[in-house]
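Where a number appears in this text, it was derived from the coordinates with a stated rule and is not lab data. This one's a predicted model, so the numbers in the text were calculated from it and none came from an experiment. Don't worry about glycine lacking a Cβ; one is built from the backbone with ideal geometry, like all the others, and counts go over all protein chains shown.
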């Protein structure tokens, strides 16, 4: 059996066993209560061609529900849950513009965070508490910057504020600090909402993508190719563990 290019798996840290949860899925985001996974899925229809859709998977019932279908005019991706678990912030691409929108998972009503966006704004992440959203923005100069806003776009703040470096793949590590990759200087960095930056110790320079688990106090990250190692970093004990995932 040939598996799709992207799938969502569950890896048990205690037993090191891997379980396939969702085939043909990418960019998973677990709801605050741990029962739902929002994810993106590519589809190809005669009417719209290649599109990106948003789905929600129930971990208990193992049911998939289409939340928002993409179209010939838009590709939906990169969902992130609100603290209450009733909304998702996500990317909506229209041609060369990558926008940020919010959808209510119950009513399926959507709203724009930006009014007149002309840039590419990637991978929005809702703060674990409050109404703030972090994302990184590309202006075409190969120096992406990490920005802060809220659900209604009432303000915009450049957190990294350094046009000499390339910052991306940001996510919250707590309610006050954001984790991000600095491709120019290397490694993972923390930036506060006041703009203060701290380089994390114990993380290699060739880190690529990362996510933080508050429950496990652990950062999961990938190193760049050709290594492409999957590493878990315990932020309490300051120890690293390489994970070898075997998929049947």
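Taking the beta-carbon count within 10 Å as an exposure proxy, list 190, 68 from fewest neighbours to most. Walk me through the numbers on the way to the answer.
Details: 190 16, 68 22.
With the sparsest Cβ surroundings first, the list reads 190, 68.
Return 201, 151, 123 ranked ascending by Cβ neighbour count within 10 Å, so the fewest neighbours appear first. Please list the in-between numbers first.
Numbers: 201 8, 151 16, 123 22.
Going from sparsest to densest Cβ surroundings: 201, 151, 123.
I'd like the Kirkwood hydrodynamic radius of the range 72-113, using the inverse of the mean 1/r over distinct C-alpha pairs, in Å.
On the way: mean 1/r = 0.0949 Å⁻¹.
The Cα-based Kirkwood calculation yields 10.5 Å.
So what are the three principal axis dimensions of the range 104-248 from its Cα atoms, in whole Å, longest to shortest?
So the three principal-axis extents are 43, 41, 31 Å.
Once the principal axes of the Cα atoms of the chain are found, what is the range along each, listed largest first in whole angstroms?
Result for the chain: principal-axis Cα extents of 49, 46, 34 Å.
Which log10 I(q)/I(0) values, to two decimals, does the range 143-189 give at q = 0.13 Å⁻¹ under the Debye formula with one point per Cα?
Listed by q, the Debye log ratios stand at -0.30.
For a protection proxy built on the mean count of beta-carbon atoms within 10 angstrom, sort 105-115, 140-150 highest first, please.
Values: 105-115: 13.0, 140-150: 17.5.
Taking the mean over residues of other Cβ atoms within 10 Å, the ranking is 140-150, 105-115.
Please report Rg over Rh for the range 177-248, where both radii come from the alpha carbon positions and Rh follows the Kirkwood definition.
On the way: Rg = 12.6 Å, Rh = 12.8 Å.
Answer for the range 177-248: 0.98.
Where does each of 200, 157 land when they are ranked from fewest to most other beta-carbon atoms within 10 angstrom?
Details: 200 17, 157 14.
Fewest-to-most Cβ neighbours within 10 Å comes out as 157, 200.
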